[in-house]
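Here is the structure we will look at, set down as structure tokens.
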Amino acid sequence: MESKKLVRTLTLSQVVFLGIAWNNPMVFFNTYGIAAVTSHGVITGAYIIAFLAILFTALSYGKMAKAYPISGSAYTFTQKSINSEMGFLVGWTIMLDYILTPMVTCLMSAVFLHAVFPGIPHYVWIILLTAIIVVPSIIGVTISASASKIFVIAQIIFVCFFWILTVKSLLEGVGTGTLLSSTPLFNSDVPLSVILAGASILCFSFLGFDSLTTLSEETINPEKTIPKAIIIMLLFTGVLYIGSSYLAQLVQPGFSFEHPDSAAMEIAILVGGNLFKSLFITAVIVGNFSSGVAAITSASRVLYVMGRDSVLPKNLFGYIHPKFKTPSHGIIVIGIISLLGILLTLEQVIKFINFGGLIAFTSVN
């Protein structure tokens, strides 16, 4: 029946913007301090290594999406090319990546919101933020794509503003006082193993590219569109992160921060003062919202395919809403799981996501 099928409506630009939204351009600021400390200040070099490693994996995803232009991502690719048993295992591990990402976005936003409004309990923000990302996901993938485009553009404008303020500060003598330096890229005093440790953390910044393959059944001409969208998205985010890390490391050399998890906030205040700090918090929350909507959209498609294949209960996860043409039951289940952010810490959830993502990448390669 038509009501049981996803509808092909997404264009190349919509798929790219959904992928960038899932990836979250503002994630650079969330991971900057920890990565800078881990890589001993050679964060741009670590970013380049992480980017090259993910690029090879992205090429693999592009080839597999062309061979199997259906939803399911690593689960489908492994099931079709190896066997159903391996597909089952990979499907469950990738769920750690997809299902928990909406929870991470809620946790990140809740931290900032609780700091601004300390009188409101943490759990209230988790519940409210979860509801905000679930509703547009149920209404339709086209709505999600349109909203993602607006928010992604807003984040890009913010990052460009950050670049301008950073360059201005450098020209005024702040930090290294120069636009050209090899220190963020290479330091003979820092062992390669340390830089690789930083790169392993920064792989988290690029995890969103694989989410595009979950949209194959809702994309026009997916055999060509999905591989192209993956490369466009990855190249764009690579330039964004590498450029931002280079400028940030120049304006505040070294890797000593008062609070590493909020080091980006220190840099925002350094280059733009308290007004830019307010814009920074707003941009982070907007980025987390768009990332959450894109993530819950992708995760629900993986659950839908597993339900359709009877790997999961078909009546629950194989259901498509007759009006909105979305796997609404799966979206609601993901929303319920996201409420566990009330009990779990951000560090715990990120560890689960990294484990699931790397297992999926291994299976696809």
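The values are calculated or read from the model by the stated rules, or taken from the named source; none is laboratory data. The structure displayed is predicted, hence computed values, not measured ones. Quick reminder, even Gly has a Cβ in these numbers, built from the backbone with ideal geometry, and neighbours come from all protein chains shown. Surface accessibility is based on the protein's heavy atoms, side chains included, excluding ligands, DNA and RNA. Shrake-Rupley method; radii C 1.70, N 1.55, O 1.52, S 1.80 Å.
Some values worked out for this structure:
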item: E347, sole failed condition from (1) in contact with a helix residue (DSSP H, G or I) (Cβ under 9 Å, 6 or more places away or on another chain); (2) of a type in the set (D, E, K, R); (3) surrounded by fewer than 22 Cβ atoms within 10 Å (Cβ to Cβ); result: (1)
item: Selected residue (only one of I150, I143, I231, I201 is modelled with pLDDT of 85 or more and not polar (S, T, N, Q)); result: I231
item: Failed item, numbered, when I94 is tested on (1) touching a residue at least 60 places away in the same chain (Cβ under 8 Å); (2) open to solvent by 40 Å² or more (accessible area, probe 1.4 Å); (3) not aromatic (F, W, Y); result: (2)
item: Cβ-Cβ under 7 Å pairs, at least 6 apart or on other chains, the range 262-280 side closer than 14 Å to M26 by Cα, far side assigned to a helix (DSSP H, G or I) and aromatic (F, W, Y); result: A263/Y32; A264/F29; A264/Y32; M265/F280; A268/F276; A268/F280; L279/F158
item: Tally, over the range 320-365, of residues that are free of Cβ contacts under 8 Å to residues at least 12 places away in the same chain and not β-branched (V, I, T); result: 5
item: Filtered residues of the range 246-299 (kept if within 30 Å of I320 (Cβ to Cβ) and of a type in the set (V, I, T)); result: V286, V293, I296, T297
item: Test: residue in the range 258-269 that is in a loop (DSSP other than H, G, I, E, B) and more than 28 Å from T345 (Cβ to Cβ); result: no
item: Residue list for the range 234-267, filter: of a type in the set (G, A, S) and modelled with pLDDT of 90 or more; result: G238, G243, S244, S245, A248
item: From the options S193, S205, residue that is among the small types (G, A, S), surrounded by fewer than 17 Cβ atoms within 10 Å (Cβ to Cβ) and either closer than 24 Å to F257 by Cβ or touching a strand residue (DSSP E or B) at 6+ places or on another chain (Cβ under 9 Å) (or both); result: S193
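For (1) more than 19 Å from the chain's Cα centre (by Cα); (2) open to solvent by 50 Å² or more (accessible area, probe 1.4 Å); (3) within 14 Å of F204 (Cα to Cα); (4) of a type in the set (A, V, I, L, M, F, W, C), each residue gets a yes or a no:
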{"position": "L18", "(1), (2), (3), (4)": "no, no, no, yes"}
{"position": "P25", "(1), (2), (3), (4)": "no, no, yes, no"}
{"position": "T31", "(1), (2), (3), (4)": "no, no, yes, no"}
{"position": "H40", "(1), (2), (3), (4)": "yes, yes, no, no"}
{"position": "Y61", "(1), (2), (3), (4)": "no, no, no, no"}
{"position": "T76", "(1), (2), (3), (4)": "yes, no, no, no"}
{"position": "S81", "(1), (2), (3), (4)": "yes, yes, no, no"}
{"position": "E85", "(1), (2), (3), (4)": "yes, yes, no, no"}
